[in-house]
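> Mind looking over this structure? Questions follow.
All of the numbers you see were taken from the coordinates with simple rules; none came from a lab. As the structure is a prediction and not an experimental result, all values here were calculated from the model. Backbone-built Cβ (ideal geometry, glycine too); neighbour counts: all protein chains shown.
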Amino acid sequence: MNNHVPRRRLALITADPCSDYSQSVILGVRDQCAKYGYDLLVFTTMVKVCHPDKNYLSGEINIYNMINYDLVDGVLVAALPLFEDQVHTVLDQLREDLHRNCTKPVVSLDLPFGDYPTVYTDDKKAIREVVKHLVAEHGCRKLYMLTGHKDYVVSEARAEAFCEQMKAEGLPASEENVFYGNFWYTGGEEFANRILSGELEVPDAVVCANDYMAIGLANRLMSGGIKVPEQVRVTGYDATKDALFNTISITSYIPDVYGMAAGAVDMIHSQIEPGAPEAGIGAPPHSGLRTGESCGCVQSTDDLRALHGSGLNPNERSHNADGSLTVNDMQGLHESYMFETLAVIQDKEQILNTITDVSYLLQPYRRFYLVLRSNWSDPAEHCLTGYPETMRCVMRCIPQNESESEAEPRYSGNSEEYSFPTEQMLPALDEPRSEPVVFYFLPVHFGDDTIGYAALQTSMDAKRTADEVATLWLRNVNNSLHMVRVVSKLIDYSLRDPMTGLFNRRGMEMTYARRKERISPDDSFVIWVIDMDGLKYINDHFGHEHGDVGIRTIAETIRAVSGSDDIAVRTGGDEFVLIAAGKLTDKDGQERIGAFERILGAKNAAKPDRTFDITASIGYVCFPASEKDALEEKIKEADRRMYEYKSARKKQRSS
């Protein structure tokens, strides 16, 4: 393929990417995109949309506001993760956004979404298999079906399959055996209460339309005195980790979500490339009945290993071709003490370097990008909805085995930061590549305050997705960025004068020391000492509030004549210091004094009704950066010249 021909891109919008359902969707969409040579852009929160902390959730779902639909060829919406525990706000907002801003084909997965076409997982086969298992293996005769919301396509399809199989087994099948829930734990708990209260006769088994309701049902029955599975057998659907690790493991069914998601890509493909052949859908990685204790079967240890494998056993971690260890599991993340490593950093530049250092925990990946607001480090600045028009890429990490150069270190950060229009989402999207890739876009925020976003770029066949390791890693990064900006602000308060915002003496000494480390020995320093005239007189005759106005006016004037790298200081009540470095001479010292006096004169002229003028005396010293004299000695020398200047002016006024 010609690298310079733009690839087609599909966007997948989902939530809680660590859930089994979202993982299956991502893999199905990803593998099918690979067959067509499409890039895949995944936009996701890191938590469920029913997250109890609504401020935190607001910061998470803001990631959807950075999507530019003009840059993709089609959109896939994993609607089920965007609608949990009857929380429909996120899905409603997304529907409005798509109707308003998207002209590209949109397909919904497993749940009706506006007037867009929807593809569904084949639930009927799964439910029939569950019913057959309960009847044939456990001799169940009286079965209930607890399905989801009434009139939902998914709910009705699963209920219909239940009734069909019951009839095939020669068992009663009617609406009296079918009950509606809400696809959440509470639906199972409420149904259990109806059985415990005697409202409903105790059945042999309950077939639940998903695992959440099955968990709620089984746990509530047991807490109410009904034994599971001895008295009531319970089954679920979706084969989630929650069901596997419940107090009593839930018998469930692994649906072919993978194939459904791949079919959604085919639907988009037929619209953006009409007439082009379809690639065909491969077999799902896992599918079929997964037995557990809740129906009376023995839990298979293979299920545990299939879900967590090397994540629980460090001895199973893989080695790279160069012999290095791949530590990309939860245990490795905890053993790294990543959070503690980041928590001690107080400098905003150092934190970015340290984040680069711990990016090895994300391997394998192609690139990792950290994109932040330009004013991210100021905790007083907030971004609650959307993103600024311009964002700044502050980090690009490149693993050595994916880098363009053999000379690059194993994990290198790109020190060249750059800004770009937010509507581009990420300039790297347009880079020429020989093969399609996946970009995972994840929120970077603290509470409801958006700091930026992260982009994880992987190959199509990479084991790494937006999984538990990646999301916990990024949560650590989010917290550390916020800690740094808060600590930096506290440090800034300790280094600055609260009235003027200029450095105090401590801030001057620290900043001067750092500046001296960076300056060339051939450069020079110029230090000006400024002393406000008549502060005591103004305080005594006009009041201290007027004296404060005078102090702030001097500070404003100093700022006006300062360069971006200059050190402006209030060292005492009416005393100030300004320090500049570079290719400077005595002429620069004199010119800066002239500029100061002109600006201060203009400020006085702008206040004709004020009964006094604000004036100051200045002295300066210019010296080579190579001189070893201490800062205090040079300030004393400039201070002496300032007093000479002040005395000369007094004589001039009295003559």
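> State the label only: which of (i) 1.30; (ii) 1.25; (iii) 0.96 corresponds to Cα Rg over 2.2 N^0.38 Å computed from the shown model?
(i)
> Can you list the HN-Hα couplings for segment 140-149, worked out from phi with the Karplus curve (6.51, -1.76, 1.60; θ = phi - 60°), rounded to whole Hz and with x for Gly and Pro?
Whole-Hz 3J(HN,Hα) from phi for segment 140-149: 5, 10, 9, 10, 10, 10, 9, 9, x, 4.
> Still on this structure, I have one more. Please compare each pair in K489/K603; K607/K646; K587/K628; K35/K104; K132/K227; K587/K636 to a cut-off of 28 Å on the Cα-Cα distance and tell me which ones are over it.
Values: K489/K603 31 Å; K607/K646 24 Å; K587/K628 23 Å; K35/K104 21 Å; K132/K227 22 Å; K587/K636 20 Å.
Flagged as over cut-off: K489/K603.
> Turning to a different aspect of this structure: Relative contact order for segment 6-57: what is it in percent, counting Cα pairs under 8 Å that are at least 6 residues apart? List each step's numbers first, then the result.
On the way: 58 pairs, mean separation 25.8, N = 52.
Reported relative contact order: 50 percent.
> Related question: Between D115 and R433, how high is the FRET efficiency from 1/(1 + (r/R0)^6) when r is the Cβ-Cβ distance and R₀ = 30 Å? Nearest 0.05. Write down the numbers at each step before the final one.
Values: r = 35 Å, r/R0 = 1.17.
The formula returns an efficiency of 0.30 here.
> With both partners inside the chain, how many of the DSSP beta bridges are antiparallel, as a percent to the nearest 5? Can you show the working numbers first?
Working: 56 of 88 bridges.
Taking every DSSP beta bridge with both residues in the chain, the antiparallel ones total about 65 percent.
> Shifting gears a bit: Work out from phi, with θ = phi - 60° and the Karplus expression 6.51 cos²θ - 1.76 cosθ + 1.60, the ³J(HN,Hα) of each residue of segment 619-625, listed in order in whole Hz, and give x for Gly and Pro.
For segment 619-625, the Karplus-derived couplings read x, 9, 9, 10, 8, x, 5 Hz, x marking Gly and Pro.
> Next question. Give me the extension gain from R514 to D629: residue separation times 0.36 nm, minus the current Cα-Cα distance, reported in nm with one decimal.
Working: separation 115, 0.36 × 115 = 41.40 nm, distance 1.59 nm.
My answer for the length gained is 39.8 nm.
> For segment 173-184, just list the computed ³J(HN,Hα) in residue order, Karplus coefficients 6.51, -1.76 and 1.60, θ = phi - 60°, integers in Hz, with x standing in for Gly and Pro.
These are the phi-based 3J(HN,Hα) values: 9, 8, 4, 5, 8, 10, 10, 9, x, 9, 6, 9 Hz.
> Taking the Cβ of A279 as the centre, find all other residues whose Cβ is under 10 Å away and add up their charges (Lys, Arg: +1; Asp, Glu: -1). Walk me through the numbers on the way to the answer.
Numbers: positive: K35; negative: D31, D266, E278.
Summing Lys and Arg as +1 and Asp and Glu as -1 gives -2.
> Could you pull the Cα extents of segment 505-654 along its three principal axes, largest to smallest, in whole Å?
Ordered largest first, segment 505-654 gives principal extents of 49, 30, 25 Å.
> Once every DSSP H run of n ≥ 4 in the chain is given -39500 (n - 2.57) and the sum is divided by its residues, what mean residue ellipticity at 222 nm do you get, rounded to the nearest 500 deg cm²/dmol? Before the final figure, lay out each step's value.
Values: 19 runs with 260 residues, N = 655.
That calculation yields -12500 deg cm²/dmol at 222 nm.
> Counting alpha carbon pairs within less than 8 Å and at least 6 residues apart, what relative contact order, in whole percent, applies to the chain?
Details: 1221 pairs, mean separation 80.4, N = 655.
Contact order relative to length: 12 percent.
> Name the long-range amide H neighbours of F446: under 5 Å, sequence gap of 5 or more, or other chain; modelled H, no Pro or chain starts.
Correct list: I451.
> Just to confirm my numbers, what's the Cα centroid distance between segment 139-160 and segment 452-494 in Å?
42 Å
> Mind listing the long-range amide H neighbours of L41? Cut-off is under 5 Å, sequence gap 5 or more, other chains count too, H placed in the peptide plane at 1.01 Å from N.
L10, A11, L12, F439
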